[in-house]
Every structure is written in C-alpha cells, then in structure tokens.
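These notes are about the structure you will find just below.
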Amino acid sequence: MARPEGVAPGAYRVDAIGLPNSISVLLVEGDDGWTLVDAGVRGSVERIREALLALGGRLEDLRRIYLTHHHIDHIGGLPGVRGWAPGAEVMASEHEAMIVSGERNPDRSSGLAFRLANRVMKLSRVPVDRVVAEGETVAGFRVLLTPGHTLGHTSLLRDEDGLLFTADAFGAMVSKVKVGGLKAACTDPPLAKRSSEKILAEEFDTVVMTHGKPIHAGARRRLKEAVDRWDYA
C-alpha cells in the first residue's frame with residue numbers, strides 16, 4: 001500500500017481501499033497516542049493497521065476512533081480495527097452513536113440506488129463509548145455538526161492550523177467537489193447545503209474529504225464553487 005500522506009503536522013491521510021483518494025481516513029498523532037477518524041470498509045482494516053505501523057505507532061497506541069457518520073464506507077472496518085485495538089474509545093455524535101450501536105435504524109438516503117444498497121449492506125453494530133457534541137475537542141479538532149448527508153453527520157476543524165476534515169459534507173466522488181458528495185447519498189440535501197454554508201463561515205486552509213484529493217491551495221474557493229453549483233432542490 002502507499003505510505004500515508006501527511007496533510008498537516010501530525011495528521012495523515014490513509015487510502016482505505018486500493019484506489020487512491022477514493023475513500024480516505026485520517027490518523028492523527030497526539031501526546032497520548034493516535035486517533036483514527038473513520039474506519040473505512042471491512043477490507044480497510046489491514047490497510048489502517050499497516051499505516052499506523054508505518055508511521056511508527058504501535059497497535060496499542062490507537063487511543064480513540066472518531067466516526068463522522070454511520071455509512072458503511074466509514075464504519076465497515078470498525079469491528080476489525082477494534083479487534084486489534086480493543087482499548088480504543090469509539091466516539092460519535094448522539095444521532096450517529098444510536099445508529100452505530102444498533103439503537104435506531106440507519107438514515108434513509110434520498111436516492112433509490114443508495115436506499116437499496118443500504119438494505120443489502122448490513123451495518124455492523126458496535127457500542128459507542130462516548131457521545132460528543134458540537135464544539136467539543138477531539139484530538140485537537142473542534143467538532144462541527146454538519147447534518148444533511150446523514151442527520152448526525154459531523155466534520156472536524158483544527159483551528160490552530162486550519163486543517164478541515166469535511167468527511168462527506170463535501171466530496172469529489174466523480175470529478176468536481178460537490179455538497180454532500182452526491183445528492184443521492186444525502187438524507188436531506190437542502191440541509192446538507194445549509195451545513196456547507198456553515199463550514200464556509202469557518203477559517204480553514206487545508207481540506208481533506210473522504211472522497212477526493214486533499215485541497216491545499218484555494219480551498220475556500222473550491223468549496224464555495226461547490227456551494228454555488230448546488231442544484232439539489
């Protein structure tokens with residue numbers, strides 16, 4: 001696998017599958033160990049493990065796993081990662097935590113194909129250890145509640161250097177950056193737009209999305225262009 005990509009000091013983007021920039025997760029180094037942001041798909045487990053070791057971490061150094069939302073490409077690898085890091089604390093927003101832990105059903109996507117896929121791909125149910133709210137800090141990142149893609153979707157912003165992990169609040173699943181990645185993948189497309197506008201009100205310099213290449217130059221302009229192109233009504 002390709003070596004993890006450093007996107008900012010102590011923060012590394014990892015390709016969760018073999019296709020580069022298709023599904024990205026983050027590994028963040030801190031004083032007390034490492035934090036994994038999202039867990040990719042079931043087949044991502046070994047890639048994440050290898051990435052952590054390549055960065056000089058030990059498996060027992062993975063302290064927490066932060067989940068931006070419950071879609072299968074974000075939590076599919078969670079049971080496997082917990083298999084080699086059983087002490088890692090699993091964290092998510094309240095709405096997402098209830099779905100990940102099996103207390104409520106997954107959100108309904110607006111597109112028929114995604115709804116059908118969600119019926120076929122059963123989510124693994126894993127207990128969530130800690131529910132986080134907007135404004136809390138996780139591994140140096142401030143939690144931003146950005147619903148729309150799912151109803152409890154969150155993004156992360158590290159204010160000290162302007163590193164923004166949008167998760168699926170923005171994404172380039174096909175070519176251009178789009179609000180919510182794709183309309184069909186969003187539970188509430190208009191709400192996704194409102195969340196994208198909320199993100200634009202923040203200060204950031206580098207953008208990492210789950211789907212698509214990181215944006216190091218002109219990040220605000222690229223995201224604003226996506227909002228201006230929004231046609232999900």
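The values are calculated or read from the model by the stated rules, or taken from the named source; none is laboratory data. No experiment lies behind these values; they were computed from the predicted model shown. Using ideal geometry, Cβ is built from the backbone for each residue, glycine included, and neighbour counts are taken over all protein chains shown.
In summary, no strands (runs of 3 or more DSSP E) completely within segment 148-233 bear 2 or more residues that are in contact with a His (Cβ under 7 Å, 6 or more places away or on another chain) and either among the polar types (S, T, N, Q) or touching a residue at least 60 places away in the same chain (Cβ under 8 Å) (or both). Here Gly162, Gly152, Gly148 are screened, and the one residue that is in contact with an Asp or Glu (Cβ under 6 Å, 6 or more places away or on another chain), closer than 12 Å to Leu67 by Cα and at pLDDT 95 or above is Gly152. Among the residues of segment 96-110, which ones are at negative phi, surrounded by fewer than 17 Cβ atoms within 10 Å (Cβ to Cβ) and either charged (D, E, K, R) or touching a Leu at 6+ places or on another chain (Cβ under 9 Å) (or both)? Within segment 96-110, Glu103, Arg104, Arg108 meet the criteria. For His74, are the conditions met, namely being in contact with an Asp or Glu (Cβ under 9 Å, 6 or more places away or on another chain), within 20 Å of Ser24 (Cα to Cα), in a helix (DSSP H, G or I) and modelled with pLDDT of 95 or more? In short, yes. Inside segment 169-224, residues that are surrounded by fewer than 21 Cβ atoms within 10 Å (Cβ to Cβ), β-branched (Val, Ile, Thr) and out of contact with any strand residue (DSSP E or B) (no Cβ under 7 Å at 6 or more places or on another chain) make up a count of 1.
Counting just the residues of segment 52-70 that are part of a loop (DSSP other than H, G, I, E, B) and touching a residue at least 40 places away in the same chain (Cβ under 8 Å), which one comes out farthest from the chain's Cα centre (by Cα)? Looking at residues that are part of a loop (DSSP other than H, G, I, E, B) and touching a residue at least 40 places away in the same chain (Cβ under 8 Å), I get Leu55. Of everything in segment 165-178 that is modelled with pLDDT under 95 and of a type outside the set (D, E, K, R), the residue that is nearest to Met209 (Cα to Cα) is Ala172.
Can you spot a residue in segment 84-107 that is among the aliphatic types (A, V, I, L, M), assigned to a helix (DSSP H, G or I), within 19 Å of Ala16 (Cα to Cα) and touching a residue at least 24 places away in the same chain (Cβ under 8 Å)? No, the conditions are met nowhere in segment 84-107.
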